[in-house]
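Step one of this worksheet: look at the structure below.
The values are calculated or read from the model by the stated rules, or taken from the named source; none is laboratory data. Nothing here was measured: the structure is a model prediction, and the numbers come from that model. Counting neighbours? That spans all protein chains shown, and the Cβs are built from the backbone with ideal geometry, glycine included. Areas reflect the complete protein model, heavy atoms only, side chains present, ligands, DNA and RNA absent. Shrake-Rupley method; radii C 1.70, N 1.55, O 1.52, S 1.80 Å.
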Amino acid sequence: DAKTTQPPSMDCAEGRAANLPCNHSTISGNEYVYWYRQIHSQGPQYIIHGLKNNETNEMASLIITEDRKSSTLILPHATLRDTAVYYCIVRAPRSGSARQLTFGSGTQLTVLP
Amino acid sequence: EPEVTQTPSHQVTQMGQEVILRCVPISNHLYFYWYRQILGQKVEFLVSFYNNEISEKSEIFDDQFSVERPDGSNFTLKIRSTKLEDSAMYFCASSGSVGYEAFFGQGTRLTVV
């Protein structure tokens, strides 16, 4: 599975867009990029995932570069409640099996008032 | 919105005692997981379960641990003889597809004294 690299911490002003980068230069063709977050000791929360096209849902947008070696999670209007650790995970689905998610250290996003 | 429910939220047990952590996954989900997080550390995978059998397990998931889906709705994690180092938050998760959009419960804080 492809390794991911994320900055350890970032700050963002409340109301502004938060752009969280992730490098996954060894990603292979069938691997998806997943983003989760963990708000202070709560259970991790799924945010979004994508394969090669950009994706948007009610929580965030995911921009994947054309070569798929990096991606950016965008929270368009960050609020104080978005303060959390954000994890970028790369994984290939495999039918007939429940495969683990490997959580790294992630990026601690702090939204400042 | 459907959610994964874990009980109890906090359990204190004496070293050497058996504990059972309980989870009710989202009702139509097929893939089930246990993770743990020791205070201040990463979220670690323990075990995944699909089609009534273990799909994957980590090195942490040794003979002291077992999982069961006793009645088609509950998913349990048993620790036979707890150690001090088993103190952690334990998260249950479930997924409805072979992808990794897993939904996590709020966790059980296990304290071994």
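Taking residue A:40, is it within 12 Å of another protein chain (Cβ to nearest Cβ), assigned to a loop (DSSP other than H, G, I, E, B) and not charged (D, E, K, R)? When the stated conditions are applied, residue A:40 passes them. Residue pairs whose Cβ atoms lie under 6 Å apart, sitting 6 or more positions apart in sequence or on different chains, and linking a residue in segment A:47-62 that is in a strand (DSSP E or B) to a partner that is hydrophobic (A, V, I, L, M, F, W, C) and open to solvent by 50 Å² or more (accessible area, probe 1.4 Å), are A:47/A:59. Reported count of residues in segment B:2-51, each being aliphatic (A, V, I, L, M) and either in contact with a Cys (Cβ under 9 Å, 6 or more places away or on another chain) or assigned to a strand (DSSP E or B) (or both), is 9. Listed conditions (1) without any contact (Cβ under 8 Å) to a residue 24 or more places away in the chain; (2) over 20 Å from residue A:102 (Cβ atoms); (3) surrounded by 12 or more Cβ atoms within 10 Å (Cβ to Cβ) are all met by residue B:52, apart from (3).
Those strands (runs of 3 or more DSSP E) of segment B:55-113 in which at least 1 residues are within 14 Å of another protein chain (Cβ to nearest Cβ), within 19 Å of residue A:101 (Cα to Cα) and among the hydrophobic types (A, V, I, L, M, F, W, C), considering only elements entirely within it, cover B:65-68, B:75-79, B:88-95.
One residue alone among B:91, B:103 is touching a residue at least 24 places away in the same chain (Cβ under 8 Å) and in contact with a Lys or Arg (Cβ under 8 Å, 6 or more places away or on another chain), and that residue is B:91. Of the residues making up segment B:1-29, those that are more than 8 Å from chain A (Cβ to nearest Cβ), of a type in the set (A, V, I, L, M, F, W, C) and in contact (Cβ under 8 Å) with a residue 60 or more places away in the chain are B:12, B:15, B:19, B:21, B:23, B:26. Scoring residue B:101 on the criteria (1) closer than 22 Å to residue A:104 by Cβ; (2) at pLDDT 95 or above leaves a single failure, condition (2).
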